[in-house]
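Nothing in this text is a laboratory measurement; each read-out follows from the coordinates by a stated rule. Worth saying up front: this structure is predicted, and the values here are computed from it rather than measured. Backbone-built Cβ (ideal geometry, glycine too); neighbour counts: all protein chains shown.
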Amino acid sequence: MRALNHILVTGGAGFIGANFIRYLFQKTDFSGKIVNLDKLTYAGNPENLTDIDEAWGGKRYFFEKADICDFDAVSEILKRHEIDTLVHFAAESHVDRSIYGPGEFVSTNIQGTFTLLEAVRAFWKDRQDVLFHHVSTDEVYGSLGDEGFFFEDTPYDPRSPYSASKASSDHLVMAYWHTYGIPVTLSNCSNNYGPYQFPEKLIPLMILNIKDGKPLPVYGDGRNIRDWLFVDDHNSAVWTILKGGRPGETYNVGGENEWENIRLVHTLCEKTAATLGRDPEACKGLITYVKDRPGHDRRYAINCDKIKGELGWRQTVSFETGLDTTIAWYLANTAWIDRVRSGAYRQWIDRNYGAR
């Protein structure tokens, strides 16, 4: 019987991790303790969970500022909080950043995952009522043509330093299952979107640039295709896997919702303009085609029959509803956006949590 009493979430101050913690507190029957371990790099923001901290801080919610590459710090946190479940979101995740600075991706995504695995191996020993769940990406599979889907047994073919680092971490996780018997599960998800996403990513970037009347940069011909998944649907899948996923198994999690980038940008123009009372065609006039990035995968598409058939998971948020929710959130939270974009936010982190 799986414990699921004391959960450690790595990267819990980031976009998906913070939404996952909020999901557990607000939308599940989980009654145990959640420990949020985050290094607080540029995309980690404790403000994302202020309401959770106010309601549950020191009782069922605990924040630990630490680096997943620090074996001693991770080991101490595992022991002090008696962790029986680890959900590993922490990662450098922006493809463009990986192209121009791959070293940080190798360190965090590969060395960090290795350190976590070594720490739980030492702490859990031979326990089988524990679980290490590793959150990964569909980008490890490479690029698809006009047809077909990524399945759990699709051969890995990463094309960027980011996806290569995630592929490496996936292989490490599965090696620890086969070699040491550590109970692990792994999920590969498609592109997430929703509230609290750092503004460098496509959907929030376009919403905010439309609001500010700035150019809307689109790579290449704009015909690259991505499968979009609302963050709460992703987190419901992770929770489903924690409760019932088979150790040693991988589960693909997708939105089954493919969009060409340029079509998505047009839709964001129409929806955001309507909300702001502006001319959508004028917003579309802001679209600027820019030189394609190196190794830009053409199409991603996830088949998630396995998690649906084995665990009964389903998406519940339509893309229209998800986009409307996301647009409304970004337009209503300009103060949050200003802080995460500014030096004032970094200074606030340093004052409250110590300099990085």
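Between region 271-285 and region 299-317, what is the separation of their alpha carbon centroids in Å? Distance between centres, Cα-based: 33 Å.
Close amide H partners of Thr137, meaning residues 5 or more places away or on another chain with modelled amide H under 5 Å apart, are Cys189.
Restricting region 248-316 to trypsin sites (Lys or Arg not before Pro) that sit in a DSSP loop and have at most 14 other Cβ atoms within 10 Å of their own Cβ leaves Lys291, Arg298, Arg314. Applying 0.36 nm per residue to the separation of Arg223 and Val290 and subtracting their alpha-carbon distance, the gain on full extension is 22.8 nm.
Based on DSSP H segments of at least four residues, each scored -39500 (n - 2.57), the chain has a per-residue ellipticity at 222 nm of -13500 deg cm²/dmol. For region 81-90, 3J(HN,Hα) computed residue by residue from phi via the Karplus equation (6.51, -1.76, 1.60; θ = phi - 60°) reads 9, 6, 5, 10, 9, 10, 10, 9, 8, 4 Hz, glycine and proline entered as x. Mind checking which of Thr113, Thr179, Thr267 has the largest fluctuation in a GNM of the chain, springs on alpha carbons under 10 Å? Maximum fluctuation in the GNM of the chain, among the listed residues, is at Thr179. Amide H to amide H distances under 5 Å link Arg299 with Leu144, Ile225, where only residues 5 or more positions off or on other chains count and H is placed in the peptide plane. If you bin all the Cα-Cα distances of the chain at 20 Å, starting from zero, the percentages per bin are 30, 61, 10, 0.
Distance cut-off 18 Å, Cα to Cα: go down the list Lys79/Lys125; Lys166/Lys243; Lys33/Lys243; Lys214/Lys284; Lys211/Lys271 and report the pairs above it.
Exceeds cut-off: Lys166/Lys243.
Among the cysteines of the chain, those whose beta-carbon sits 4.7 Å or more from every other cysteine beta-carbon are Cys69, Cys189, Cys304. Taking the charge dipole of the chain about its Cα centre, with +1 at Lys and Arg Cβ atoms and -1 at Asp and Glu Cβ atoms, the residue from Val95, Ala273, Tyr251 reaching farthest to the positive side is Ala273.
When both bridge partners sit in the chain, DSSP labels roughly 5% of those beta bridges antiparallel.
Region 130-147 and region 30-98 have Cα centres separated by 23 Å. For region 29-44, 3J(HN,Hα) computed residue by residue from phi via the Karplus equation (6.51, -1.76, 1.60; θ = phi - 60°) reads 9, 4, 10, x, 9, 10, 10, 9, 9, 8, 6, 6, 6, 4, 9, x Hz, glycine and proline entered as x. Residues whose amide H comes within less than 5 Å of that of Phe132, counting only those at least five positions distant or on another chain, are Leu86, Val184, Thr185 (H built at 1.01 Å from N in the peptide plane).
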